[in-house]
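The values are calculated or read from the model by the stated rules, or taken from the named source; none is laboratory data. Keep in mind that this is a model prediction, so the values were computed, not measured. Don't worry about glycine lacking a Cβ; one is built from the backbone with ideal geometry, like all the others, and counts go over all protein chains shown.
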Amino acid sequence: MIENIKVSISEFDREHNKQRVNSRMRARVQSGYWVFHPPAGYLLEDKILIPDPHNSPLIQKIFKDFSTDAYLSLQLLKKSVAFKGLLNLKTNKLYLQRPETLRNILTNKIYIGKIEFPK
């Protein structure tokens, strides 16, 4: 019986801590600070997203090519010079050339200026 009470208290504490962390992170994002890993094409400087001078033009080219149908499919866009040139500045290596990486770039709302906080 005592073990059940301890487990319940621990579960409540974890849930309460999770709510506090999420509310504080949400407040930081609302005040203009970025609390997550920066997406491709951005750098994190003093907790604020700034455009990455190397990857930003490549990301813009990917969006331009996608919007003008320069590549007829995602598979062809994945083989483009712009996508193959994306550099992970944390590791100084190229990003993995996976379809998910390209799909994440094209569907990430941060590139159109909208910030969504995960629930």
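Here is the figure for the stretch 96-119: residues that are closer than 19 Å to residue 84 by Cβ and of a type in the set (A, V, I, L, M) total 4. Summed over the stretch 71-82, the residues that are more than 13 Å from residue 99 (Cβ to Cβ), modelled with pLDDT of 85 or more and either surrounded by fewer than 16 Cβ atoms within 10 Å (Cβ to Cβ) or charged (D, E, K, R) (or both) give a count of 1. The residue that is surrounded by the most Cβ atoms within 10 Å (Cβ to Cβ), among those in the stretch 30-39 that are more than 21 Å from residue 53 (Cβ to Cβ) and of a type outside the set (A, V, I, L, M, F, W, C), is 33. Restricting attention to the stretch 49-93, the residues being touching a residue at least 40 places away in the same chain (Cβ under 8 Å) and touching an Asp or Glu at 6+ places or on another chain (Cβ under 8 Å) number 1. Each residue in the stretch 70-119 was checked for being closer than 20 Å to residue 33 by Cα, of a type outside the set (Val, Ile, Thr) and assigned to a helix (DSSP H, G or I), and 2 of them qualify. Among the residues of the stretch 33-55, are any assigned to a helix (DSSP H, G or I) and of a type in the set (A, V, I, L, M, F, W, C)? No, the stretch 33-55 contains no residue that is assigned to a helix (DSSP H, G or I) and of a type in the set (A, V, I, L, M, F, W, C).
Of all residues in the stretch 1-22, none satisfies the criterion of being within 17 Å of residue 115 (Cβ to Cβ) and exposed (fewer than 10 other Cβ atoms within 10 Å of the Cβ). Only one of the listed residues (68, 101) is exposed (fewer than 10 other Cβ atoms within 10 Å of the Cβ) and either farther than 30 Å from residue 19 by Cα or under 17 Å from the mean Cα position of the chain (by Cα) (or both). That residue is 68. Report yes if residue 27 is exposed (fewer than 14 other Cβ atoms within 10 Å of the Cβ) and of a type in the set (A, V, I, L, M), otherwise no. Yes; evaluated as a whole, the condition is true for this residue. Just one of the numbered conditions (1) exposed (fewer than 15 other Cβ atoms within 10 Å of the Cβ); (2) in contact (Cβ under 8 Å) with a residue 60 or more places away in the chain is not true of residue 110: (1).
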